[in-house]
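The values are calculated or read from the model by the stated rules, or taken from the named source; none is laboratory data. Since we're looking at a predicted model, the values are computed, not measured. Counting neighbours? That spans all protein chains shown, and the Cβs are built from the backbone with ideal geometry, glycine included. Accessible surface is based on the protein model in full, side chains and every heavy atom, while ligands, DNA and RNA are left aside. Shrake-Rupley method; radii C 1.70, N 1.55, O 1.52, S 1.80 Å.
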Amino acid sequence: MESSPGGDEDFDANEALTSALFEAVGAGMYAVDGQGKVIACNPWAERLLGYAPGTLLGVDAHHTLHPMEGDENGLPAQRPVLADIVLGKRISGDRAVLLRADGTPVQVWWSAAPLPEEMGYDKGAVVVFHDASARRARDGRRARRYAHSETMREQAEYDLSEITWLSELTLAMVSTLDADEALGRLVRQLVPRLADTALIDLTAGLTRRRAAATHHLPGVLPSGPHDIGEPLPGHPAHDAALSRVFGGAGTQHLTAPLPAGPAYPGRDLFALVDAHEALVVPLRLRASTFGALTLVRAPASPPFNEADRILAEEVARRAALGLDNTRLHAAQADIAATLQRALLTDLPTVPRLELAAHYQPAQRAAEVGGDWYDAFLLEDGDLAMAIGDVTGHDIQAASRMSELRNMLRALVVDRPEENPGQILRRLDTAQARLTLADSATAILTRLHPTADGTWDLAWSVAGHPPPLLITADGTATYLTGPRAMLLGVRPTAERPTAHTRLPGGATLLLYTDGLVESRAQPFDVGMTRLRQYATTHRQLPLHRLCAQLAHDLGDTRDDITLIAARTPPPPDLRARTATL
């Protein structure tokens, strides 16, 4: 049979390609005949098994390359590949061991298949194997990378949890300006997350007090602020640590065994809370030490470690910052309230009339406001009583309030013949020319004593909530007579004056809008609450009534000012009261 043109060349090319692929396959390959002798192998197999080129040919693969029964290294004997290949199936495994030329084992993963019958080798096989150690190394690196990523993920989740918790803790503290309330919230968040017991002791000069305490079981420790002189639980080691911290020392770590406390029961702090160890951390900011945070763990809890100490010191730093802000705000608020009260006048002594006034500064900010009241006697024995509110909450508002109040006082004294509406019109004209205020509300009243012991009331309202009149029989009425717009809008507008007679035992109440208006309730709801509350508590002494109205009804975010006058009770009511 003639060969086709180029046939030999194609055969040679295919054989060269097959040889190149055989060599470059990237795995060890060898073929055995029916007796298990190696009849072919590629360079990869020779290198992996440590044989010189060509020396693997003719080797009995099963007896030479596989561990036999009783191997001196304890390697398990393996079933001959040909025993399975005879069934004509492809087989594989990933835990086989081959022996190198020097006798050392190499773990491999492999596959084997029968040789094609047309190749002339009866019951032969071809084996492909890979060094499993390289695979194990890759798997190990992959496992280490995964473990590292898991560790990093867990650390990131832990850090995020800590940051979130610290943020919640800070928010709980800064959402109130009451230091004891803030510290109470703090210790409740620390237990049981960071400790089984948490205490906060504050210091101011030579005095100390326990501001907050909590235990993971209720009723073990007294709750709320306590004076240091009260019989509170103590312990010598804890007291000594507090003294060192208050003296400028850093965090104190008290470890077991803790010294014995006082002999008498109920006074040993560490015995009471089953303390095994404690951290006493200073509440310090810059050079100021406000107190100390004590964290206690029981024997069943893990001991404090360095991470716990760092976290505790961060908590203490935030607590100290909150205390510093609270004290600064309190100092500024006190200054503001003192200034505001200095701008308000003392009440006169009026025969047959009880007077009271109350001023409560806003607690949301350390600012003076524009609220004011005034009361003074005129030459004819009449009483002028006024209340007002200048727009704004700052020093400028307080200054303009003082100017407006003084101008009103001067006008009333200078024009005793004019009624309240006429005086307010003059005040509006004056403040427009002198720029006493951008805008303001006010009520001016004039009380005139009559011969029968009652009082006549004349009043004018300039954009202000109406006066409230509470009679002795419990009837409360808003005096909603003629009204006019606030000061500063139309200075030339007429301002009407209303008149009524105050019965015996009646209370006249003037107030600013902070008492009835807030973001939490509509204005009409506030007015209804004021009328009901004043009616229910009308028997209170006048100064107490004003104070309780401000405390129970007022919006703490705004200034609250009240001034009230109460007429003497009628003779029959006085007689009944004396009899009772």
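The table below lists the values:
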{"quantity": "FRET efficiency, Asp324 to Ala300 (Cβ-Cβ, R0 51 Å, nearest 0.05)", "calculated": "0.90"}
{"quantity": "Under 5 Å, built H, 5+ apart or other chain: amide partners of Thr345", "calculated": "Tyr373"}
{"quantity": "Residue among Val461, Thr477, Met401 farthest towards the positive dipole end of region 397-506, charges placed on Cβ", "calculated": "Met401"}
{"quantity": "Separation between Cα centres of region 79-115 and region 450-481, rounded to whole Å", "calculated": "112 Å"}
{"quantity": "Protection-proxy order for peptides 191-202, 476-487, each taking the mean of Cβ atoms within 10 Å per residue, highest first", "calculated": "191-202, 476-487"}
{"quantity": "Distance cut-off 20 Å, percentage of C-alpha pairs in region 55-204 lying past it", "calculated": "70 percent"}
{"quantity": "Region 450-580 pair-distance distribution - Cα-Cα, 5 Å bins, rounded %", "calculated": "2, 10, 18, 20, 19, 15, 9, 5, 2, 1, 0, 0"}
{"quantity": "Accessible-area value, Ser288, 1.4 Å probe, nucleic acids and ligands omitted, Å²", "calculated": "60 Å²"}
{"quantity": "For region 481-580, size of Cβ-based charge dipole, Lys and Arg +1, Asp and Glu -1, in debye", "calculated": "360 debye"}
{"quantity": "Cα-based shape type of region 175-215, given that a ≥ b ≥ c are square roots of the gyration tensor eigenvalues and the cut on a/c is 1.5", "calculated": "oblate"}
{"quantity": "Kirkwood-Stokes translational diffusion coefficient of region 110-179, alpha-carbon pairs, 10 °C, 1.306 mPa s, µm²/s", "calculated": "88 µm²/s"}
